[in-house]
Structures are given as structure tokens and as C-alpha cells.
Amino acid sequence: MSQATGKGKERRTFLGVLLGGFSVALGAALGWPVFKFLAPRAGADEAQQVKIPRDQVAIGGAHFFNFQGRPAVILQPEAGNFVALSAVCTHLGCIVKWENDKGEFLCPCHGGQFSASGQVLGGPPPKPLDTYPVAVVDQDIMVG
């Protein structure tokens, strides 16, 4: 009878360790998104201005880059006129794509459409794309 009691105790210990390990793994899996939400954003200490060579932005074209740790885009709708926008859709945060043939942005997630100036043309986005200040200095474009 002592052998049966010993095996039962070993089995309970094993199951307790297994349950404890599973609980720790589950807690880590559930706690990680909360930590990422509350932790400071990566890139928060990046430069407040980004310098882009003027020749990288074609007339009627778009140039994507990172601004303060987030995707951004700069356009040149007309010669010498530059517009810098956030490339993050205001609906659910997907990255918008530039449709060169239409001259507008399209969000691939839910079909949101934005004009070259960032205004909502259609779909579910609740507000326009964020704009950033732009200045032309010599042969460079300064965003921010």
C-alpha cells in the first residue's frame, strides 16, 4: 500500500508542476500585450526632423519613410509642392498604399480611400491622415 501512496503523491506533484508551468506561460502570454501597450513607443527619441533628398520624390509620386518611429509618406503633387502625411490609416492603423494611377491612397485592410492631401474619400476611416510640416532647404526636404 505504501507504493501506491508514493505513486499517487508523485503524480500529484507532477500535475502541480505542470499546472504551475502552464499558468506562468498563460500569464506571460496575456501580460505581454498589456506591457507593450503601456511601455513607451520605440522610436520616441528619434529625430524631430527627417531630411529627404528632393530627387527621391518624383512629381506625382510618393516616397515612404519613417518619421518619429511611424510610417510616413511624402508626395509631390505638383512641381515644387510637397505634402507629408502619416501612412497609418485612421480606421484601424493599417499602412496605406499609394495608387499612382488613381492619385490617391488606399488602405488594404478595409478599403479606406484618401486623397493626395490626406482627406477621406471613402470607406470606414473616421478622419483624414495626419499631416506633417514640410520645408524645402536647398536640395533637401525637411519633414517635421
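Quick note: the coordinates plus some simple rules give every number you see, no bench work behind them. Keep in mind it's a predicted model, so treat the numbers as computed, not measured. Positions of Cβ are generated from backbone atoms using ideal geometry, with glycine treated the same way; all protein chains shown enter the neighbour counts.
Odds and ends about this structure:
- Rounded to the nearest whole Hz, the Karplus-based 3J(HN,Hα) values (6.51 cos²θ - 1.76 cosθ + 1.60, θ = phi - 60°) of segment 127-140 follow the sequence 8, x, 5, 5, 9, 10, x, 10, 9, 9, 10, 6, 9, 10, with x at glycine and proline.
- Each of Pro128, Val34, Ser115 was placed along the dipole of the chain (beta-carbon charges, centred on the mean Cα), and the one lying farthest toward the positive end is Val34.
- Dipole of segment 6-105, positive direction: furthest Cα of Gly93, Ala72, Thr13, with charges on the beta-carbon: Thr13
- Modelled FRET efficiency - R0 35 Å, Gln48 with Ser23, Cβ distances, 0.05 increments: 0.20
- Maximal additional length on extending the Thr13-Ile95 stretch stands at 24.5 nm, based on 0.36 nm per residue less the C-alpha distance.
- Dipole magnitude (debye, nearest 20) for the chain, charges at Cβ of Lys, Arg, Asp, Glu: 1200 debye
- Listed candidates (1) -0.55, -0.61, -0.82; (2) -0.48, -0.55, -0.78; (3) -0.37, -0.44, -0.70 - label of the one calculated as log10 I(q)/I(0) by the Debye sum over Cα atoms at q = 0.11, 0.12, 0.15 Å⁻¹: (1)
- Once the C-beta distance of Asp55 and Gln119 is scaled by a Förster radius of 30 Å, the resulting FRET efficiency is 0.60 to the nearest 0.05.
- Taking 7 Å steps out from each Cα toward its Cβ at Val137 and Lys36 produces label points 3.5 nm apart.
- Filter on Lys36/Lys102; Lys51/Lys127; Lys102/Lys127 - keep pairs with C-alpha separation over 32 Å: Lys36/Lys102
- Nearest-ten-degree value, helix 2-38 long axis tilted from longest Cα axis of the chain: 10 degrees
- 15 Å beta-carbon shell around Val136, net charge (K/R +1, D/E -1): -2
- Relative contact order (%) - criterion: Cα under 8 Å, at least six apart; region: the chain: 17 percent
- Residues Arg70, Arg12, ranked from the fewest to the most other C-beta atoms within 10 Å, line up as Arg12, Arg70.
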